[in-house]
Amino acid sequence: MNTVFSGIQPSGLVHLGNLLGAINNWAKLSNEDSKNYFCIVDLHSLTAMPNKSDLKSSIKDTLKVLLASGINLENSVIYVQSTLKEHAYLSWILSNFCQVGELQRMTQFKEKASSFGTHSGLLTYPILMAADILIHKANEVPVGDDQTQHLELTRNIAERFNNNYGEIFPIPEKTSGKYGTRLMSLRHPENKMSKSSDDINGTIYFNDSKDVIIKKFKSSVTDSSNSISYDVKSKPGISNLIEIYSSIKNLEIKKTEEKFNDYQYGEFKVEVAETVISYLEPINDKFNNLGDKEVDEIIRNNLELARKSAQLTISEVENALGIN
Ligand code: TRP
């Protein structure tokens, strides 16, 4: 049976890009025949030096969105990275199987190092990510294309460990493109939808009201050709709306194009907005109905499961290394 691991950083309110890019995907995967670990990777978030209370509420909200998103807890474990110290422990061990030059060549390191200044957390970030994946011996990692390099590094680290100390780790595969969608800002469709976007109206948050969602879609940037067809280069705005609709409805892009063939842009925007509203509604309902007690109990049970799995791997690793 496959073991799946994926992580999401708690960074502000969960938005539609997180949901359709990752979380929705996880919910679908969780109904397949695999064992899944979905982790809120708060230790990774520290590299951006978040404000304490923002981080705290973001961890809690992200956790509740995951619990409300339809992820099947029968075969999935949802937990917060910092509550399982073994991640950081394995990360240290794995750092000995990774060259400094490899880390310096990571595109994300180069990009982020320039905006946050260069602390070593940014440099070693991918080793922690390798530890996340390998600690549960995951062989499948659903992530976006921006994580391809990090996954490649994880594979190299795992191979090096195995070559030196025996076959402990599976070599994990990336499973992007299977379901996930990379959403773009509604206002600047050349940029990814994100909470740090320069135009707040470009991002749909999971708990935006109906009116706000309609307003944001109505003000989304399109083009002047008035044809609902998919062409990311020349029609990034319309293509993004097509992606959103297709992703929620599980429709091929071509089918969405056909369906809206004779629509005006205005009508199309409203229909996409309404689709998003009905997608978010049950998530919000569940989110709002999750009591603290219930959440605490789920967290406790899930952490226990994650801990068992992590400790098993750690003891194999320690035995292989001759420590502890
Ligand atoms: N680096 C990932 C991102 O920014 C988050 C992440 C951390 C992750 N650890 C992971 C993703 C392990 C997949 C597997 O999106």
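What number of residues within the range 127-146 satisfy the criterion of being near the ligand (Cβ under 10 Å from one of its atoms) and surrounded by fewer than 20 Cβ atoms within 10 Å (Cβ to Cβ)? Of the residues in that region, 2 qualify. Contact map, the range 139-164: first residue in contact (Cβ under 8 Å) with a residue 24 or more places away in the chain, second residue among the β-branched types (Val, Ile, Thr) and surrounded by 17 or more Cβ atoms within 10 Å (Cβ to Cβ), Cβ cut-off under 6 Å, separation 6 or more or different chains; pairs are ASN139/THR3; GLU140/VAL4; GLU140/THR175; VAL141/ILE133; PRO142/THR175; THR154/ILE133. GLN149 meets the stated requirement of being modelled with pLDDT of 95 or more, within 30 Å of GLU32 (Cβ to Cβ) and either in a loop (DSSP other than H, G, I, E, B) or within 15 Å of the ligand (Cβ to nearest atom) (or both). In the range 132-146 there is at least one residue that is farther than 27 Å from LEU321 by Cβ, out of contact with any Asp or Glu (no Cβ under 7 Å at 6 or more places or on another chain) and part of a helix (DSSP H, G or I). Considering only residues in the range 31-50 that are part of a strand (DSSP E or B) and among the hydrophobic types (A, V, I, L, M, F, W, C), the one that is nearest to the ligand (Cβ to nearest atom) turns out to be CYS39.
Of everything in the range 1-18 that is more than 18 Å from VAL80 (Cα to Cα) and in a helix (DSSP H, G or I), the residue that is nearest to the ligand (Cβ to nearest atom) is GLY17.
The values are calculated or read from the model by the stated rules, or taken from the named source; none is laboratory data. As the structure is a prediction and not an experimental result, all values here were calculated from the model. Positions of Cβ are generated from backbone atoms using ideal geometry, with glycine treated the same way; all protein chains shown enter the neighbour counts.
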